[in-house]
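Structure record follows, encoded as structure tokens.
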Amino acid sequence: MLHLAQLQAAPSAPAQAQRSTAAAKPGTGSQQPTPAARTAPPAKGAKVEAAAAAKTNARVAAASQAQFPEDAGWMEPGDNADGSQQQQQQQQLQLPAGMSIPGAPPACTADVVRGMSWGVATAAYQIEGAYNVNKGPSIWDTFVDMPGKIKGGGTGKVAIEHYTRFPADYKLMQQMGVNVHRFSFSWPRIVAGGQGSAVNEAGIAFYHKLIDEMVANGITPVATMYHWDLPQVLQDRYGGWLNEQVVKDFAFYADTLFARFGSKIKYWVTINEPASICDHGYKNGIYAPGVKADRSSLYKCGHNVLLAHAAAVKVYRDKYRSQGAKIGFSTNLVWAEPLTDKPEDKQAAQNKLDREFGWIVDPLFTGRYPASMRGALGDELPKFTEEQKALLKGSIDFIGINIYTARWVWHNSDKPFGWRESSRKDGVPIGDQGGATWLYNAPFAMGNVLRYVGEKYNKAETWITEFGTGITGENTWTGSQVLNDSYRTNFYSGYINSACKSINTYKLNVPMIFAWSLWDNFEWAEGYEVRYGMVHVDFASQERKIKQSGYWWSKHFFTQGKKLAR
């Protein structure tokens with residue numbers, strides 16, 4: 001998920017400064033600390049995870065080969081090893097005693113809701129665990145062991161044990177009425193490296209079982225190929241996303257996925273949030289692999305991400321088009337709201353959108369970077385060849401957007417792109433703060449970005465692939481309080497209402513919206529200190545319980561929306 005890819009942020013913008021400080025807060029970092037580290041008290045959350053890891057990893061490793069042997073069989077499309085699951089009637093969820101839920105957002109009429117699909121989004125490293133079971137190391141496996149990188153010293157080594165708990169997890173989703181799940185493959189669980197690497201048959205078997213379990217519970221899989229877990233060997237070998245070799249290696253990985261899973265996956269997202277990959281991973285170093293570099297590295301990384309996407313799509317269209325899938329791309333932005341109605345402030349907001357959104361999206365439609373970026377950066381911005389432009393242009397069937405928050409933006413000629421930004425106007429926040437320092441409740445952002453994309457890109461098919469919020473102090477809640485996430489419910493309601501208004505008013509092509517996230521899980525640099533789930537997870541016992549927001553989604557959207565064809 002997005003954790004504020006606030007690119008070229010103004011120094012005065014408080015949220016980014018606070019977040020960078022938080023991301024660097026010293027923590028345990030590793031489950032096998034150095035002798036010096038053992039003398040210090042564990043950071044909050046580290047004791048729980050270390051104990052869970054000790055109990056879990058050996059058990060998972062021992063059970064895994066029996067559960068996912070290399071010669072394991074799996075269902076083909078249309079098969080059902082246990083037809084009883086599909087035949088069960090979905091029961092209406094009963095609210096816990098004392099809990100009530102609000103009504104549906106007023107702008108979301110029954111026709112709109114029933115004409116769209118409503119799902120949940122997750123990422124492999126954040127939920128699977130079993131980091132060393134039938135899987136090579138990823139850059140996140142390495143990064144979380146660097147002291148001070150993760151708040152509370154948490155890691156994804158155990159996460160929420162989805163690797164072994166997925167049957168029960170999908171049964172819970174079925175009970176909630178969820179019928180579409182955007183999940184991600186772990187690249188190093190499929191192939192340990194790049195071209196020529198042996199395919200990991202145990203990893204293939206695991207994902208076939210996972211997908212079959214989804215389908216058996218009436219859930220359509222939407223597969224993200226890359227959600228940040230690059231094989232560590234590729235980072236070590238040539239610098240990961242800063243080297244053009246990654247384009248060929250990603251194409252090889254994508255080819256493997258199409259060949260092995262194309263009969264079951266009809267919706268693909270190639271890459272998630274290049275701005276987070278590149279800005280946080282290869283410029284300011286607060287995400288894996290932790291590279292700190294100059295601005296040119298940022299644009300080199302983004303260039304290679306775009307070319308890797310285009311290469312994967314070319315593989316599909318050349319070899320697997322008959323599978324009949326849709327392929328898209330998911331990117332993020334912080335909505336830019338002009339501070340005033342002055343033309344220069346409106347232009348500043350447009351410059352920010354060009355820099356943080358058009359940077360990635362424009363080449364997918366036009367084969368070129370935005371003119372404002374070309375003018376501001378000159379030769380610092382990589383250039384596409386004519387062949388690359390042709391591959392990029394029209395390389396998506398839909399654009400996925402991750403939208404969480406907004407900023408006020410105004411003109412400032414001292415900045416390279418001519419803008420500054422802040423979360424406050426006249427000292428007043430743009431919205432209530434939602435758990436993380438960077439996230440403010442700004443529901444207008446979703447409606448505005450949908451209108452913007454519809455107008456700029458000729459009403460291209462657009463998905464909301466992530467949106468959601470943490471809650472300040474939620475990680476300290478106990479007892480029944482952990483289920484009463486009314487702030488999250490209201491956040492979702494406001495954003496969805498804004499989306500429905502824009503869809504209705506401007507007749508936009510928005511067939512699918514995904515919430516982030518179904519479960520509380522490992523939240524990258526924020527570790528386990530912030531929760532985003534509509535299902536509460538006790539990280540010590542791994543018990544799952546539906547929160548108010550989950551019941552709300554179930555009643556008004558999951559059980560009412562359009563089911564995708566599989």
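Quick notes on this structure:
- Sum of side-chain charges, residue 293 neighbourhood, beta-carbon under 12 Å (Lys, Arg +1; Asp, Glu -1): +2
- Using a probe of 1.4 Å on the protein chains alone, the accessible area found for residue 227 is around 0 Å².
- Using Cβ point charges alone (K and R +1, D and E -1), the dipole size of the range 121-557 about the Cα centre works out to roughly 840 debye.
- With all protein chains in place and a 1.4 Å probe, the accessible surface of the range 121-557 carries 48 percent carbon and sulfur.
- Listed cross-link partners 135/300; 264/562; 314/393; 314/562; 171/563; 171/547 are compared with a 21 Å cut-off, the Cα-Cα value being larger for 135/300; 314/562.
- Label-zone membership for the range 409-441, site residue 342, 7 angstrom Cα→C-beta point, backbone N under 16 Å: 409-415, 418-422, 425-426
- Whole-Å semi-axes of the ellipsoid equivalent to the range 356-478 (Cα gyration tensor, √5λ, descending): 31, 20, 13
- Under the Debye formula (equal points on every Cα, no solvent term), log10 I(q)/I(0) of the range 89-151 at q = 0.18, 0.20 Å⁻¹: -0.86, -0.93
- For the range 121-557, the alpha carbon convex hull comes to 141 Å³ per residue, rounded to a whole number.
- Estimated inter-spin distance, residue 506 and residue 236, nm [label 7 Å along Cα→Cβ]: 4.8 nm
- When 547, 415 are compared by accessible area of protein heavy atoms, the largest-first order is 415, 547, using a 1.4 Å probe.
- Looking at the range 121-557 alone, DSSP beta bridges between its own residues are antiparallel in about 30 percent of cases.
- Gain upon complete extension [residue 201, residue 432; 0.36 nm per residue less C-alpha separation]: 78.4 nm
The values are calculated or read from the model by the stated rules, or taken from the named source; none is laboratory data. Here the structure is a predicted model, which means the values were calculated and not measured. Every residue, glycine as well, gets a Cβ built from its backbone with ideal geometry; the counts of neighbours run over all protein chains shown. Heavy atoms of the whole protein, side chains included, go into the accessibility calculation; ligands, DNA and RNA do not. Shrake-Rupley method; radii C 1.70, N 1.55, O 1.52, S 1.80 Å.
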